[in-house]
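Engineer: Okay, here's the structure, questions in a sec.
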Amino acid sequence: MIDVRPSQEMRDLGVVQHGAGILTEPARAFDLPAERGEAERITDELFAAMERIGQVHPFAKGVGIAAPQIGIARTAAVVQPPDDAPAIILLNPRITTHSDEMDEQYEGCLSFFDVRGLVPRPLTIAVETTALTGETATTVYERGLARLIHHEIDHLEGFLYTARMRTGVEPIPVREYRQTGRAWAYE
């Protein structure tokens, strides 16, 4: 049996991998409601990608995917919270405020799935999104869900979680991460 690296497995499932330019460039916002059809099509593609990934890898702590990770440079992401809560669709998301209180947890990324990194993030964020109808709404997210959503918004702004890691802290191989006893990462 051939041992497939986790990042290769994600590539095989259609996830753009670290090193691709689309992951380091800001995505283009939607003009809603004018681009409603495009936003719906891309959202459907994100859900399809999450379904493919979920068939081979369980995500007990939740998972998210951003449009650049499937090769589409638009500001759309989908987050599946833990515990079978309804999925969250993020169109044109923007963090408007965040708490000063932070925590540092391990994160993983579908675009470089072989490692995990210790990332500080605010415990609470307020996020403004645009509905398909063009209206905006602001939602407050806390703790793990705030971390998941912040991670995906970073993708839409052209950042990987490594940009948020403290200076001198490097990602560690999945094998080492599993031995830390801090198995929080939702990927």
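The values are calculated or read from the model by the stated rules, or taken from the named source; none is laboratory data. These figures come from a predicted structure and were not determined experimentally. We place every Cβ from the backbone using ideal geometry, glycine too, and count neighbours over all the protein chains shown. Accessible surface areas use protein heavy atoms only, side chains included; no ligands, DNA or RNA. Shrake-Rupley method; radii C 1.70, N 1.55, O 1.52, S 1.80 Å.
Engineer: I need to check one value: relative contact order of the chain, counting alpha carbon pairs closer than 8 Å and at least 6 residues apart, in percent.
Structural biologist: 26 percent
Engineer: What FRET efficiency comes out for residue 87 versus residue 5 if R0 is 22 angstrom and r is the Cβ-Cβ distance? Round to the nearest 0.05.
Structural biologist: On the way: r = 28 Å, r/R0 = 1.26.
After rounding, the FRET efficiency stands at 0.20.
Engineer: Could you tell me how many degrees, from 0 to 90 and to the nearest 10, lie between the Cα long axis of helix 36-56 and the main elongation axis, the longest principal axis, of the Cα atoms of the chain?
Structural biologist: Tilt relative to the chain: about 20 degrees.
Engineer: Taking θ = phi - 60°, what integer Hz values does the Karplus form 6.51 cos²θ - 1.76 cosθ + 1.60 yield along segment 108-117, in sequence order, with x for Gly and Pro?
Structural biologist: Using θ = phi - 60°, the values come out as x, 9, 4, 8, 7, 7, 7, 9, 10, x Hz.
Engineer: Packing-wise, with mean Cβ within 10 Å as the measure, how do 81-93, 114-126 rank, highest first?
Structural biologist: 114-126, 81-93
Engineer: What does the helix-only formula give at 222 nm for the chain: each DSSP H stretch with n ≥ 4 adding -39500 (n - 2.57), the total divided by the residues, and the result rounded to the nearest 500 deg cm²/dmol?
Structural biologist: Value at 222 nm, helices only, nearest 500: -8000 deg cm²/dmol.
Engineer: Based on the Cβ-Cβ distance of residue 104 and residue 133, what FRET efficiency does E = 1/(1 + (r/R0)^6) give at R0 = 41 Å, to the nearest 0.05?
Structural biologist: Values: r = 38 Å, r/R0 = 0.93.
Result of the calculation: an efficiency of 0.60.
Engineer: Further question on the same structure: Averaged per residue, what accessible surface does the chain expose to a 1.4 Å probe, in Å²? Mind dumping the intermediate values first?
Structural biologist: Numbers: 9370 Å² over 187 residues.
Value returned for the chain: 50 Å² of accessible area per residue.
Engineer: While we're here: By how many degrees, 0 to 90 and rounded to 10, does the Cα axis of helix 143-156 deviate from the longest principal axis of the chain?
Structural biologist: It is inclined by approximately 70 degrees.
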